[in-house]
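Asker: Structure in C-alpha coordinates, see below.
The values are calculated or read from the model by the stated rules, or taken from the named source; none is laboratory data. Not measured: the values here are computed from a predicted model. Cβ placement follows ideal geometry from the backbone for every residue including glycine, while neighbour counts extend to all protein chains displayed.
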Amino acid sequence: MPETAPSPAVLSGRLRECDRLLPRPGSVPAERAEPTVSWPEFCDPDGPWLSRCAEEWQERGEFRHHRAGLVLVAFRFGWLAACATVPEHHFGAALPSLEGLRVSVDDGGRLAGLRLTGEAVEAPISERRWWEEVSAAFAPLTEALHALGGPKPGSHEYWGNPVGLVGTVLGRLERAGMPGNVMESARRLSAATGRPELLRIDPELSGTWARRRTCCQWWRRTGGGYCAECVLHDSPRTR
(Lines give C-alpha, C1' and ligand atoms only; values in the text may rest on other atoms or scores of the structure.)
Protein backbone atom coordinates (compact mmCIF):
# COMPACT_ATOMS: atom_id res chain seq x y z
CA MET A 1 0.00 0.00 0.00
CA PRO A 2 1.24 3.56 -0.62
CA GLU A 3 2.62 5.37 2.42
CA THR A 4 0.39 8.41 1.84
CA ALA A 5 -3.06 8.41 0.28
CA PRO A 6 -3.12 9.93 -3.23
CA SER A 7 -5.59 12.62 -4.19
CA PRO A 8 -8.89 11.45 -5.73
CA ALA A 9 -7.72 12.67 -9.14
CA VAL A 10 -4.45 10.76 -8.93
CA LEU A 11 -6.20 7.64 -7.68
CA SER A 12 -8.71 7.83 -10.51
CA GLY A 13 -5.88 8.17 -13.01
CA ARG A 14 -4.11 5.13 -11.64
CA LEU A 15 -7.24 3.01 -11.89
CA ARG A 16 -7.85 4.20 -15.47
CA GLU A 17 -4.33 3.06 -16.29
CA CYS A 18 -5.16 -0.33 -14.75
CA ASP A 19 -8.17 -0.48 -17.07
CA ARG A 20 -5.74 -0.09 -19.95
CA LEU A 21 -3.31 -2.71 -18.66
CA LEU A 22 -5.74 -5.40 -17.52
CA PRO A 23 -9.06 -7.00 -18.58
CA ARG A 24 -11.10 -5.09 -16.02
CA PRO A 25 -14.86 -4.41 -15.88
CA GLY A 26 -14.23 -0.81 -16.96
CA SER A 27 -12.08 -1.78 -19.93
CA VAL A 28 -14.95 -2.24 -22.42
CA PRO A 29 -17.61 0.45 -22.94
CA ALA A 30 -21.08 -0.82 -22.09
CA GLU A 31 -22.33 -0.30 -25.63
CA ARG A 32 -19.62 -2.62 -27.00
CA ALA A 33 -19.95 -5.35 -24.38
CA GLU A 34 -21.47 -8.76 -25.05
CA PRO A 35 -24.81 -9.66 -23.44
CA THR A 36 -24.48 -10.77 -19.83
CA VAL A 37 -25.87 -13.53 -17.64
CA SER A 38 -26.08 -13.59 -13.87
CA TRP A 39 -23.30 -15.38 -12.02
CA PRO A 40 -25.63 -18.05 -10.53
CA GLU A 41 -26.99 -18.73 -14.03
CA PHE A 42 -23.47 -19.08 -15.44
CA CYS A 43 -22.46 -21.44 -12.61
CA ASP A 44 -25.45 -23.76 -13.08
CA PRO A 45 -23.88 -27.12 -14.10
CA ASP A 46 -27.14 -28.04 -15.85
CA GLY A 47 -27.21 -24.81 -17.84
CA PRO A 48 -25.50 -24.07 -21.18
CA TRP A 49 -22.94 -21.46 -20.14
CA LEU A 50 -20.43 -23.21 -17.90
CA SER A 51 -20.19 -26.42 -19.91
CA ARG A 52 -19.72 -24.43 -23.13
CA CYS A 53 -16.99 -22.36 -21.51
CA ALA A 54 -15.13 -25.54 -20.51
CA GLU A 55 -15.58 -26.92 -24.02
CA GLU A 56 -14.14 -23.69 -25.46
CA TRP A 57 -10.95 -24.20 -23.44
CA GLN A 58 -10.80 -27.84 -24.55
CA GLU A 59 -11.08 -26.81 -28.19
CA ARG A 60 -8.63 -23.93 -27.92
CA GLY A 61 -5.94 -26.01 -26.27
CA GLU A 62 -6.76 -29.25 -28.14
CA PHE A 63 -6.65 -30.96 -24.75
CA ARG A 64 -7.16 -34.68 -24.40
CA HIS A 65 -7.61 -34.50 -20.64
CA HIS A 66 -11.14 -33.35 -19.68
CA ARG A 67 -9.87 -31.82 -16.42
CA ALA A 68 -7.81 -29.23 -18.27
CA GLY A 69 -10.79 -27.34 -19.67
CA LEU A 70 -12.63 -27.38 -16.34
CA VAL A 71 -9.65 -26.10 -14.35
CA LEU A 72 -8.99 -23.40 -16.92
CA VAL A 73 -12.48 -21.98 -16.35
CA ALA A 74 -11.38 -21.45 -12.73
CA PHE A 75 -8.17 -19.88 -14.03
CA ARG A 76 -10.08 -17.47 -16.25
CA PHE A 77 -12.49 -16.35 -13.54
CA GLY A 78 -9.67 -16.12 -10.99
CA TRP A 79 -7.78 -13.86 -13.39
CA LEU A 80 -10.76 -11.61 -14.09
CA ALA A 81 -11.65 -11.36 -10.38
CA ALA A 82 -8.06 -10.51 -9.43
CA CYS A 83 -7.88 -7.86 -12.17
CA ALA A 84 -11.15 -6.35 -10.92
CA THR A 85 -10.20 -6.11 -7.24
CA VAL A 86 -6.46 -6.33 -6.55
CA PRO A 87 -5.53 -2.89 -7.99
CA GLU A 88 -8.17 -1.20 -5.82
CA HIS A 89 -6.79 -2.83 -2.70
CA HIS A 90 -3.20 -2.05 -3.64
CA PHE A 91 -3.95 1.64 -4.24
CA GLY A 92 -6.37 2.05 -1.33
CA ALA A 93 -9.49 2.65 -3.42
CA ALA A 94 -13.07 1.56 -2.79
CA LEU A 95 -13.40 -2.18 -3.44
CA PRO A 96 -15.74 -3.25 -6.25
CA SER A 97 -18.37 -5.63 -4.92
CA LEU A 98 -18.77 -9.01 -6.61
CA GLU A 99 -22.26 -9.39 -5.16
CA GLY A 100 -24.83 -9.38 -7.95
CA LEU A 101 -22.07 -10.18 -10.44
CA ARG A 102 -22.92 -10.66 -14.10
CA VAL A 103 -20.57 -12.12 -16.71
CA SER A 104 -20.33 -11.79 -20.46
CA VAL A 105 -19.78 -14.82 -22.67
CA ASP A 106 -18.80 -14.34 -26.30
CA ASP A 107 -20.17 -16.24 -29.28
CA GLY A 108 -17.46 -18.89 -28.99
CA GLY A 109 -18.32 -19.67 -25.37
CA ARG A 110 -15.39 -17.81 -23.81
CA LEU A 111 -15.87 -16.09 -20.45
CA ALA A 112 -15.16 -12.63 -21.81
CA GLY A 113 -15.54 -10.30 -18.85
CA LEU A 114 -17.19 -9.27 -15.60
CA ARG A 115 -19.93 -6.71 -15.16
CA LEU A 116 -20.24 -5.42 -11.60
CA THR A 117 -23.65 -4.33 -10.35
CA GLY A 118 -23.10 -4.26 -6.58
CA GLU A 119 -22.27 -1.20 -4.50
CA ALA A 120 -18.56 -0.69 -3.93
CA VAL A 121 -17.19 -1.18 -0.41
CA GLU A 122 -15.66 2.08 0.75
CA ALA A 123 -11.96 2.27 1.57
CA PRO A 124 -10.00 1.44 3.62
CA ILE A 125 -10.54 -2.23 2.82
CA SER A 126 -8.92 -4.96 4.88
CA GLU A 127 -7.29 -7.91 3.16
CA ARG A 128 -9.85 -10.12 4.88
CA ARG A 129 -12.72 -8.12 3.39
CA TRP A 130 -11.16 -8.41 -0.06
CA TRP A 131 -10.96 -12.18 0.27
CA GLU A 132 -14.56 -12.43 1.48
CA GLU A 133 -15.68 -10.79 -1.76
CA VAL A 134 -13.51 -12.96 -4.01
CA SER A 135 -14.05 -16.30 -2.27
CA ALA A 136 -17.83 -15.82 -2.02
CA ALA A 137 -17.96 -15.48 -5.81
CA PHE A 138 -15.41 -18.21 -6.49
CA ALA A 139 -16.89 -20.97 -4.30
CA PRO A 140 -20.05 -21.60 -6.39
CA LEU A 141 -17.87 -22.01 -9.47
CA THR A 142 -15.77 -24.73 -7.82
CA GLU A 143 -18.90 -26.63 -6.81
CA ALA A 144 -20.30 -26.43 -10.34
CA LEU A 145 -17.03 -27.52 -11.96
CA HIS A 146 -16.91 -30.49 -9.60
CA ALA A 147 -20.46 -31.39 -10.65
CA LEU A 148 -19.25 -31.44 -14.25
CA GLY A 149 -16.51 -33.94 -13.39
CA GLY A 150 -13.73 -31.69 -12.16
CA PRO A 151 -11.73 -31.93 -8.91
CA LYS A 152 -13.45 -31.54 -5.55
CA PRO A 153 -14.56 -27.99 -4.67
CA GLY A 154 -11.76 -27.46 -2.15
CA SER A 155 -9.02 -28.52 -4.58
CA HIS A 156 -5.91 -26.38 -4.85
CA GLU A 157 -6.25 -26.81 -8.63
CA TYR A 158 -9.12 -24.33 -8.39
CA TRP A 159 -8.10 -22.13 -5.47
CA GLY A 160 -4.52 -21.75 -6.65
CA ASN A 161 -5.92 -19.45 -9.33
CA PRO A 162 -7.42 -16.55 -7.32
CA VAL A 163 -4.48 -16.82 -4.88
CA GLY A 164 -1.64 -17.19 -7.38
CA LEU A 165 -2.96 -14.62 -9.83
CA VAL A 166 -2.64 -11.90 -7.19
CA GLY A 167 1.08 -11.98 -7.96
CA THR A 168 0.48 -11.87 -11.70
CA VAL A 169 -1.72 -8.76 -11.47
CA LEU A 170 0.64 -6.93 -9.15
CA GLY A 171 3.64 -7.93 -11.25
CA ARG A 172 1.99 -6.40 -14.29
CA LEU A 173 1.39 -3.15 -12.38
CA GLU A 174 5.03 -3.12 -11.32
CA ARG A 175 6.28 -3.62 -14.88
CA ALA A 176 4.11 -0.72 -15.99
CA GLY A 177 5.83 1.54 -13.44
CA MET A 178 2.84 1.86 -11.10
CA PRO A 179 3.68 2.93 -7.52
CA GLY A 180 3.46 1.00 -4.27
CA ASN A 181 5.11 -2.01 -2.68
CA VAL A 182 3.68 -4.81 -4.82
CA MET A 183 5.42 -7.61 -2.94
CA GLU A 184 4.03 -6.40 0.37
CA SER A 185 0.55 -6.21 -1.15
CA ALA A 186 0.94 -9.75 -2.49
CA ARG A 187 2.08 -11.06 0.90
CA ARG A 188 -0.84 -9.42 2.70
CA LEU A 189 -3.46 -10.59 0.23
CA SER A 190 -2.17 -14.15 -0.08
CA ALA A 191 -2.03 -14.44 3.72
CA ALA A 192 -5.68 -13.34 3.93
CA THR A 193 -6.76 -16.25 1.73
CA GLY A 194 -5.68 -18.82 4.32
CA ARG A 195 -3.73 -20.50 1.51
CA PRO A 196 -0.48 -18.48 1.37
CA GLU A 197 1.43 -21.61 0.36
CA LEU A 198 -0.23 -21.37 -3.07
CA LEU A 199 1.83 -18.30 -4.00
CA ARG A 200 5.60 -18.12 -3.68
CA ILE A 201 6.90 -14.58 -3.21
CA ASP A 202 10.66 -14.30 -3.50
CA PRO A 203 12.67 -11.42 -5.01
CA GLU A 204 15.41 -13.90 -5.88
CA LEU A 205 13.25 -15.84 -8.35
CA SER A 206 14.51 -15.80 -11.92
CA GLY A 207 12.57 -13.35 -14.08
CA THR A 208 9.80 -12.72 -11.56
CA TRP A 209 9.22 -12.34 -7.82
CA ALA A 210 5.95 -14.34 -7.73
CA ARG A 211 5.35 -17.93 -8.74
CA ARG A 212 2.17 -19.98 -8.54
CA ARG A 213 2.35 -23.21 -6.54
CA THR A 214 -0.45 -24.96 -8.47
CA CYS A 215 -0.91 -25.77 -12.14
CA CYS A 216 -3.51 -24.05 -14.32
CA GLN A 217 -3.22 -26.88 -16.93
CA TRP A 218 -2.48 -24.54 -19.85
CA TRP A 219 0.90 -26.18 -20.41
CA ARG A 220 -0.98 -29.30 -21.57
CA ARG A 221 -2.14 -27.57 -24.74
CA THR A 222 -0.78 -28.60 -28.13
CA GLY A 223 2.67 -27.03 -28.44
CA GLY A 224 2.50 -26.18 -24.74
CA GLY A 225 4.84 -23.89 -22.85
CA TYR A 226 5.17 -22.26 -19.45
CA CYS A 227 4.43 -18.73 -18.28
CA ALA A 228 6.94 -16.98 -16.02
CA GLU A 229 4.72 -17.51 -12.96
CA CYS A 230 4.13 -21.24 -13.60
CA VAL A 231 4.85 -23.74 -10.83
CA LEU A 232 6.41 -25.96 -13.51
CA HIS A 233 8.88 -23.26 -14.59
CA ASP A 234 11.69 -24.91 -12.61
CA SER A 235 10.50 -28.43 -13.35
CA PRO A 236 12.76 -30.91 -15.16
CA ARG A 237 10.09 -30.84 -17.89
CA THR A 238 11.27 -27.37 -18.89
CA ARG A 239 14.93 -28.32 -19.20
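Asker: Does the stretch 73-81 include one or more residues that are in contact with a Lys or Arg (Cβ under 9 Å, 6 or more places away or on another chain) and either of a type outside the set (G, A, S) or not in a strand (DSSP E or B) (or both)? Spell out the reasoning first.
Answerer: Here is the first cut: in the stretch 73-81, the ones in contact with a Lys or Arg (Cβ under 9 Å, 6 or more places away or on another chain) are 76, 80.
Those still in the list that are either of a type outside the set (G, A, S) or not in a strand (DSSP E or B) (or both) too: 76, 80.
Yes, the stretch 73-81 contains a residue that is in contact with a Lys or Arg (Cβ under 9 Å, 6 or more places away or on another chain) and either of a type outside the set (G, A, S) or not in a strand (DSSP E or B) (or both).
Asker: I need the full set of residues from the stretch 170-189 which are out of contact with any Phe, Trp or Tyr (no Cβ under 8 Å at 6 or more places or on another chain), at positive phi and in contact (Cβ under 8 Å) with a residue 60 or more places away in the chain, in order please.
Answerer: Across the stretch 170-189, there are no qualifying residues.
Asker: Look at the stretch 25-44 and say how many of its residues are surrounded by 12 or more Cβ atoms within 10 Å (Cβ to Cβ), modelled with pLDDT under 95 and not β-branched (V, I, T).
Answerer: 5
Asker: Tell me, please, whether a residue that is farther than 25 Å from N181 by Cβ and either touching a residue at least 12 places away in the same chain (Cβ under 8 Å) or surrounded by 20 or more Cβ atoms within 10 Å (Cβ to Cβ) (or both) can be found in the stretch 6-21. Walk me through it before giving the result.
Answerer: Step one: list which residues in the stretch 6-21 are farther than 25 Å from N181 by Cβ, which gives none.
Among the residues of the stretch 6-21, not one is farther than 25 Å from N181 by Cβ and either touching a residue at least 12 places away in the same chain (Cβ under 8 Å) or surrounded by 20 or more Cβ atoms within 10 Å (Cβ to Cβ) (or both), which makes the answer no.
Asker: Identify, from the list R60, R128, the residue that is part of a helix (DSSP H, G or I), out of contact with any Asp or Glu (no Cβ under 6 Å at 6 or more places or on another chain) and either modelled with pLDDT of 95 or more or within 17 Å of G164 (Cβ to Cβ) (or both). Don't jump to the end; show me each part of the working.
Answerer: On the way: R60 fails: either modelled with pLDDT of 95 or more or within 17 Å of G164 (Cβ to Cβ) (or both).
That would be R128, the only listed residue that is part of a helix (DSSP H, G or I), out of contact with any Asp or Glu (no Cβ under 6 Å at 6 or more places or on another chain) and either modelled with pLDDT of 95 or more or within 17 Å of G164 (Cβ to Cβ) (or both).
Asker: Let me ask you something else. Of all residues in the stretch 45-57, which are more than 16 Å from T142 (Cα to Cα), surrounded by fewer than 18 Cβ atoms within 10 Å (Cβ to Cβ) and either in contact (Cβ under 8 Å) with a residue 60 or more places away in the chain or touching a helix residue (DSSP H, G or I) at 6+ places or on another chain (Cβ under 8 Å) (or both)?
Answerer: E55
Asker: Looking only at the stretch 172-190, count how many residues are in a helix (DSSP H, G or I) and surrounded by 15 or more Cβ atoms within 10 Å (Cβ to Cβ).
Answerer: Residues of the stretch 172-190 in a helix (DSSP H, G or I): 172-175, 182-190.
Now drop any that are not surrounded by 15 or more Cβ atoms within 10 Å (Cβ to Cβ), which leaves 172-174, 182-183, 185-190.
Summing the residues that are in a helix (DSSP H, G or I) and surrounded by 15 or more Cβ atoms within 10 Å (Cβ to Cβ) in the stretch 172-190 gives 11.
Asker: Mind listing whichever residues of the stretch 207-239 are touching a strand residue (DSSP E or B) at 6+ places or on another chain (Cβ under 9 Å) and at pLDDT below 65?
Answerer: Within the stretch 207-239, just D234 meets the criteria.
Asker: Residue under question is A112, and the condition is that it be part of a helix (DSSP H, G or I), buried (at least 17 other Cβ atoms within 10 Å of the Cβ) and either in contact with a His (Cβ under 6 Å, 6 or more places away or on another chain) or among the aliphatic types (A, V, I, L, M) (or both); does it hold? Break it down stepwise before answering.
Answerer: Numbers: part of a helix (DSSP H, G or I): no; buried (at least 17 other Cβ atoms within 10 Å of the Cβ): yes; either in contact with a His (Cβ under 6 Å, 6 or more places away or on another chain) or among the aliphatic types (A, V, I, L, M) (or both): yes.
So A112 fails the test.
Asker: Can you find a residue in the stretch 157-164 that is in a helix (DSSP H, G or I), over 16 Å from the mean Cα position of the chain (by Cα) and of a type outside the set (G, A, S)?
Answerer: Start the filter on the stretch 157-164 by keeping residues that are in a helix (DSSP H, G or I), which leaves 157-164.
Within this subset, residues satisfying the condition of being over 16 Å from the mean Cα position of the chain (by Cα) are none.
The answer is no, given that none of the residues of the stretch 157-164 is in a helix (DSSP H, G or I), over 16 Å from the mean Cα position of the chain (by Cα) and of a type outside the set (G, A, S).
Asker: Give the residues of the stretch 89-109 that are hydrophobic (A, V, I, L, M, F, W, C) and either assigned to a loop (DSSP other than H, G, I, E, B) or surrounded by fewer than 17 Cβ atoms within 10 Å (Cβ to Cβ) (or both), sorted by residue number.
Answerer: Across the stretch 89-109, the qualifying residues are A93, A94, L98, L101.
Residues are listed down the side, and each one gets a yes or a no for (1) in contact with a strand residue (DSSP E or B) (Cβ under 7 Å, 6 or more places away or on another chain); (2) basic (K, R); (3) farther than 23 Å from W218 by Cα:
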{"position": "S126", "(1), (2), (3)": "no, no, yes"}
{"position": "E132", "(1), (2), (3)": "no, no, yes"}
{"position": "G160", "(1), (2), (3)": "yes, no, no"}
{"position": "R172", "(1), (2), (3)": "no, yes, no"}
{"position": "P179", "(1), (2), (3)": "no, no, yes"}
